[in-house]
1. Among A:GLY65, A:GLY82, A:GLY30, whose mean-square fluctuation peaks in a Gaussian network model of chain A (Cα, cutoff 10 Å)?
2. Find, to one decimal place in angstroms, the Kirkwood hydrodynamic radius of chain A, where the mean of 1/r is taken over every pair of different Cα atoms and then inverted.
3. For A:ARG132, what charge total do you get from the other residues with a beta carbon under 12 Å from its beta carbon, if Lys and Arg give +1 and Asp and Glu give -1?
4. Averaged across the residues of B:134-141, what count of C-beta atoms belonging to other chains lies within 10 Å of each residue's C-beta?
5. How many percent of all Cα-Cα pairs in the protein assembly as shown sit more than 23 Å apart?
6. Testing the spin-label approximation: label points 7 Å from Cα along Cα→Cβ at A:HIS92 and B:VAL54. State their distance in nm.
7. Do the alpha carbons of any pairs in A:LYS66/B:LYS145; B:LYS70/B:LYS127; A:LYS70/B:LYS123 sit beyond 24 Å of each other, and which pairs?
8. Tell me the net charge near B:ILE141. Cut-off is 15 Å between Cβ atoms, B:ILE141 excluded, with +1 for each Lys or Arg and -1 for each Asp or Glu.
There are 2 protein chains.
Amino acid sequence: MNERSDYINMLESNAVDPTPLREAVLMSIGEDSRPLAAAEIMAAVRSRMSINKVTLYRILDLLVGKGLVKRLSAGDRAYRYGMAKTRHHQAHPHFVCSRCGVMECLEPGLFCIDIRKFQTNSKRIIKYVDVRFEGICESCIKAQK
Amino acid sequence: MNERSDYINMLESNAVDPTPLREAVLMSIGEDSRPLAAAEIMAAVRSRMSINKVTLYRILDLLVGKGLVKRLSAGDRAYRYGMAKTRHHQAHPHFVCSRCGVMECLEPGLFCIDIRKFQTNSKRIIKYVDVRFEGICESCIKAQK
DNA sequence: CAATACTTGCAACTAAGTTGCATATAGGGC
DNA sequence: GCCCTATATGCAACTTAGTTGCAAGTATTG
């Protein structure tokens, strides 16, 4: 999807020192079409270099804090991390397979929710909406045939 | 909301032996307007009787398995448990406060998602849709003033 | 080159939930 | 009533995913 230099750029333009590990973490997330669990990111980074899990979690926290990465909940107990929405990357619903736990992105705009509508008749402040579909993914359907 | 006997009835009509602990767990969930975390259910039950955490989790698994209770994800690492949808209890979106973590139910029908629409242009089997709003709850807004 | 700040690693810890196994407790059959 | 089996509960130890404290390494800056 992107050049290495694009990731370095993203880091720098968010005032994050682009260390090799940070670059590798961001790239692992950015190069995958699906949001990944920390363990998957760890495996991806470790295929190229060595990283400690604490460092990984701290880099993830940093990237989430800087708004580069979005922390998603998959309905199980492990977060998934995906690239945050940018000009080229709209908000979209996600799908989680209840058999294998994989998370996939669905097309944006399949439906849109107007947060302001809720805002008016609510005493709460609403910031995000998260739409998650659950079911069986394509490869699990194939596998059981 | 309900009589004790209603909960016993629910259990029996789902072929679950209505032991005092199961009844207390189901009642704790049913009498609260919000879906509760396991720790909250534990506290509620323990105010009346003694229960071990393993027993609680096993009862929760059983009730979820029998379709009496729904396991919800709040975006943090603890599940919430709420009464499953019945004739009198429609599916509805939830709200989670990102400050205190409380989960609340929103009115059903504020928007409806047609699962079949997704089904047609998807190679996946979709079973549920989960809509979760995130923001600041009323009492946290008051607290900061 | 020393002082300081930032980054990474290691070990130990935490929260939420799970597993294995032992001990109740409840019904059936005789 | 007593034995046998099935189900329910409890206790301890374990697991997973993530966090904290602190030490050591690296970089930057005056």
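Nothing in this text is a laboratory measurement; each read-out follows from the coordinates by a stated rule. Remember, it's a predicted structure, so these values are computed and weren't measured experimentally. Heads up, the Cβs are rebuilt from the backbone with ideal geometry, glycines too, and the neighbour counts pull from every protein chain shown.
1. Looking only at A:GLY65, A:GLY82, A:GLY30, the largest GNM fluctuation is found for A:GLY65.
2. Details: mean 1/r = 0.0600 Å⁻¹.
Hydrodynamic radius (Kirkwood, Cα only) of chain A equals 16.7 Å.
3. Numbers: positive: A:ARG80, B:LYS127, B:ARG132; negative: A:ASP76, A:GLU104, A:ASP130, A:GLU134, B:ASP130.
Charge balance in the 12 Å sphere: -2.
4. On the way: counts 8, 10, 4, 4, 4, 2, 2, 3.
Mean partner-chain Cβ count within 10 Å for B:134-141: 5.
5. Numbers: 26022 of 41905 pairs.
Considering the protein assembly as shown, 62 percent of its Cα-Cα pairs are separated by more than 23 Å.
6. So the two model labels end up 4.5 nm from each other.
7. Working: A:LYS66/B:LYS145 27 Å; B:LYS70/B:LYS127 14 Å; A:LYS70/B:LYS123 26 Å.
Listed pairs above 24 Å: A:LYS66/B:LYS145; A:LYS70/B:LYS123.
8. Numbers: positive: A:LYS123, A:ARG124, A:LYS127, B:ARG99, B:LYS142, B:LYS145; negative: B:GLU104, B:GLU134, B:GLU138.
Local net charge: +3.
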